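To keep things clear, I will list the structure first and then write my remarks on it.
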Amino acid sequence: MAPIIQIQDVHKHFGHVKALRGVSLEIDKGEVVVIIGPSGSGKSTLLRCINRLEEFDQGQIIVDGIPLDSAENINSVRTEVGMVFQQFNLFPHLRVIDNLTLAQTVVRKRKKQDAINNALMLLEKVGIPEKAYNFPLQLSGGQQQRVAIARALAMNPKIMLFDEPTSALDPEMIQEVLDVMLNLAKEGMTMVVVSHEMGFARAAANRAILMDEGMIVEEATPAILFSNPTRERTKLFLSKIL
């Protein structure tokens, strides 16, 4: 079976800044990959290239057999890839239930009641069914991020991308979001996660990847990468965060 994500020699420049320098990576269906690295190493840029939120200058990305080389293909891929950002990006003027049903009815063309039923099921799944008719500003940061995850899941994605989903949260709210992500991993969701949450990586990831200066420096299982890295750059980075 072909990898569900194939990244081949991808380059991305922002003016004179080389954000990605020939990154190649394959991710299998059901695999959980955590990407770590210093600020500016290209982690988030790579993540955003996977669904073409970011244009890349060279190389190829194929998602579930579809190359990201045309507007039609990009739209097809985006319907199959959910993304959760640092900021929750919920519509503040819409209730939680409406945040979850909007794309279902507009993009997936689901009947309103079917979309509501799906939304309520997902709010149960992320542990906040009682917040369905609240507005986002009535929720804590951790609750808002769980709504954002439920909203992404409402589209029945094949892949979930997480861009530092806990970095904007207070420390006591981080675990409730990680627990939701951990459950998704256990259910077999393909996930690519940019995060420095090493506990989550150890518990859920099949692979951990260190990026620096737009390149993959080292990749291994979390147990090996965190305990016995081979590259000096990896050792230096981990010495600062572990």
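For this structure, a couple of remarks:
- Residues of the range 216-227 that turn out to be part of a helix (DSSP H, G or I) and either touching a residue at least 24 places away in the same chain (Cβ under 8 Å) or open to solvent by 20 Å² or more (accessible area, probe 1.4 Å) (or both), as a count: 5
- Among the residues of the range 42-63, those identified as over 19 Å from A103 (Cβ atoms) and either in a strand (DSSP E or B) or more than 16 Å from the chain's Cα centre (by Cα) (or both) are E55, F56, D57, Q58, G59, Q60, I61, I62.
- All told, E213 meets the bar of being modelled with pLDDT of 95 or more, open to solvent by 30 Å² or more (accessible area, probe 1.4 Å) and over 30 Å from R146 (Cβ atoms).
- Contact map, the range 119-134: first residue on the phi > 0 side of the Ramachandran plot, second residue not in a loop (DSSP other than H, G, I, E, B), Cβ cut-off under 8 Å, separation 6 or more or different chains; pairs are G127/R146; G127/E176; G127/D179; G127/V180.
- Yes/no for M191 being aliphatic (A, V, I, L, M), surrounded by fewer than 19 Cβ atoms within 10 Å (Cβ to Cβ) and touching a helix residue (DSSP H, G or I) at 6+ places or on another chain (Cβ under 7 Å): no
- Any chance K43 is of a type outside the set (S, T, N, Q), in contact with a Gly (Cβ under 6 Å, 6 or more places away or on another chain) and at negative phi: yes
- Selection status of F135, open to solvent by 40 Å² or more (accessible area, probe 1.4 Å) and over 23 Å from the mean Cα position of the chain (by Cα): yes
- Single residue of V10, V34, V23 found to be within 14 Å of the chain's Cα centre (by Cα), modelled with pLDDT of 95 or more and closer than 22 Å to F162 by Cβ: V34
- Taken together, the residues in the range 202-242 that are aliphatic (A, V, I, L, M) and closer than 17 Å to S44 by Cα amount to 7.
- Entirely in the range 65-129, the helices (runs of 4 or more DSSP H) that have 2 or more residues that are within 22 Å of C49 (Cα to Cα) and open to solvent by 30 Å² or more (accessible area, probe 1.4 Å): 71-78
- The sole residue among T230, T166 that is hydroxyl-bearing (S, T, Y), surrounded by 21 or more Cβ atoms within 10 Å (Cβ to Cβ) and part of a loop (DSSP other than H, G, I, E, B) is T166.
- Of all residue pairs spaced 6 or more apart or on separate chains, those with beta-carbon atoms under 7 Å, a first member in the range 76-93 that is at positive phi and a second member that is part of a helix (DSSP H, G or I) are N89/A148.
- Residue count for the range 29-44, restricted to those that are crowded, with 19+ Cβ neighbours inside 10 Å and basic (K, R): 1.
- Test: residue in the range 195-204 that is open to solvent by less than 40 Å² (accessible area, probe 1.4 Å), of a type in the set (G, A, S), in contact with a Phe, Trp or Tyr (Cβ under 6 Å, 6 or more places away or on another chain) and within 28 Å of L94 (Cβ to Cβ): no
- Residues located in the range 9-41, provided they are under 13 Å from S195 (Cα atoms), among the polar types (S, T, N, Q) and either part of a strand (DSSP E or B) or free of Cβ contacts under 8 Å to residues at least 60 places away in the same chain (or both): S39
- Count of the range 5-18 residues which are open to solvent by 10 Å² or more (accessible area, probe 1.4 Å), in contact with a Ser or Thr (Cβ under 7 Å, 6 or more places away or on another chain) and on the phi < 0 side of the Ramachandran plot: 2
The values are calculated or read from the model by the stated rules, or taken from the named source; none is laboratory data. Because the structure is predicted, anything quoted here is derived from the model rather than measured. Ideal geometry is used to build each Cβ from the backbone, glycine not excepted, and the neighbour counts take in all protein chains shown. Side chains are part of the model used for accessible areas, which takes the heavy atoms of the whole protein and leaves out ligands, DNA and RNA. Shrake-Rupley method; radii C 1.70, N 1.55, O 1.52, S 1.80 Å.
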